[in-house]
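Everything on this sheet refers to the single structure shown next.
The values are calculated or read from the model by the stated rules, or taken from the named source; none is laboratory data. These numbers come from a predicted model, not from an experiment. Here the Cβ positions follow ideal geometry from the backbone for every residue, glycine too, while neighbour counts run over all protein chains shown.
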Amino acid sequence: MPNLFPSSLPLVVHKLTLLRSITTEPRKFRELVREIATLLTYEATLDLATQTKPVTTPLAKMVGVELNEQVGLVPILRAGLGMVEGVWELLPTAEVWHIGLFRDERTLKPVEYYNKLPVEPTVSVCLVLDPMLATGGSAVATVDILKRWGVKKIKFIGIIGAPEGIALMQQAHPAVPIHLAAVDERLNEHGYILPGLGDAGDRQFGTG
Ligand code: PRP
Ligand code: URA
């Protein structure tokens, strides 16, 4: 599929197996979410723009390189929160703009409850963070919000995606690259990803 990037990094697939396990308790689960987010960020930022920058080493002057993008991290509350620290490991100056959405349990449609984006965009590229791309409703709604905000370059970084959610994103936002640790089989009748990892928010925060 165009613009779909499932990771094949050995560290990612190894950590994902630990993350999936029902025996992994919240502390370890949070650590793994953070670490996988860091590894996926490496893959998702390979095409960030750069520009030259003079630098003085202890021995000489030279022309180095710096990033030429202002990056915004957009975690979808709650579960996306756990990915922020991992992405910040590599992009410590990134701004963080939270979007609060929850899935209505009956309709599975996203319901917006938090959005404090300023009027004008303050970043040139947004990385949307959410471990689970299930029906795709939450991701599509978040990208809708960011496009209305005026951001042109948007990428989605998740951990597990279902074919249904990937298809919805690619239909609604075909230019948005989707970076994942894995693509799973399907959704169950409650909209949960199979085999998946269960409820990513509950497993991070010890709820449910
Ligand atoms: C989960 C997950 C995504 C959403 C994915 O959040 O973190 O945001 O479901 O489902 P979708 O692709 O079908 O929209 P949830 O609504 O359970 O909220 P939470 O993070 O607060 O637990
Ligand atoms: N949200 C989750 O946390 N897990 C799923 O499998 C689907 C949506």
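Laid out as a table, the results:
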{"item": "Pick from the stretch 40-62, criterion assigned to a helix (DSSP H, G or I) and not charged (D, E, K, R), ranking: nearest to A182 (Cα to Cα)", "result": "L40"}
{"item": "Qualifying position, being under 27 Å from E35 (Cβ atoms), surrounded by fewer than 21 Cβ atoms within 10 Å (Cβ to Cβ), among the aliphatic types (A, V, I, L, M) and in contact with a Leu (Cβ under 7 Å, 6 or more places away or on another chain), among I160, I154", "result": "I154"}
{"item": "Any hit, the stretch 120-137, residues being within 12 Å of ligand 1 (Cβ to nearest atom), part of a helix (DSSP H, G or I) and in contact (Cβ under 8 Å) with a residue 60 or more places away in the chain", "result": "no"}
{"item": "Those residues of the stretch 142-167 which are near ligand 1 (Cβ under 8 Å from one of its atoms) and either touching a helix residue (DSSP H, G or I) at 6+ places or on another chain (Cβ under 9 Å) or under 20 Å from Y114 (Cα atoms) (or both), in sequence order", "result": "G165"}
{"item": "Residue that is within 20 Å of the chain's Cα centre (by Cα), surrounded by 11 or more Cβ atoms within 10 Å (Cβ to Cβ) and not in a loop (DSSP other than H, G, I, E, B), where the choices are A37, A79", "result": "A37"}
{"item": "Qualifying residue in the stretch 186-199 (condition: more than 14 Å from ligand 2 (Cβ to nearest atom), in contact with a helix residue (DSSP H, G or I) (Cβ under 7 Å, 6 or more places away or on another chain) and part of a strand (DSSP E or B))", "result": "no"}
{"item": "Selection within the stretch 63-76 - in a strand (DSSP E or B) and within 28 Å of T52 (Cβ to Cβ)", "result": "V63, G64, V65, E66, L67, V71, G72, L73"}
{"item": "Qualifying position, being near ligand 2 (Cβ under 9 Å from one of its atoms), farther than 26 Å from L9 by Cβ, assigned to a helix (DSSP H, G or I) and modelled with pLDDT of 95 or more, among D202, D144", "result": "D202"}
{"item": "Test set (1) within 26 Å of L19 (Cα to Cα); (2) hydrophobic (A, V, I, L, M, F, W, C); (3) more than 13 Å from the chain's Cα centre (by Cα); (4) within 11 Å of ligand 1 (Cβ to nearest atom) - L194 fails condition number", "result": "(4)"}
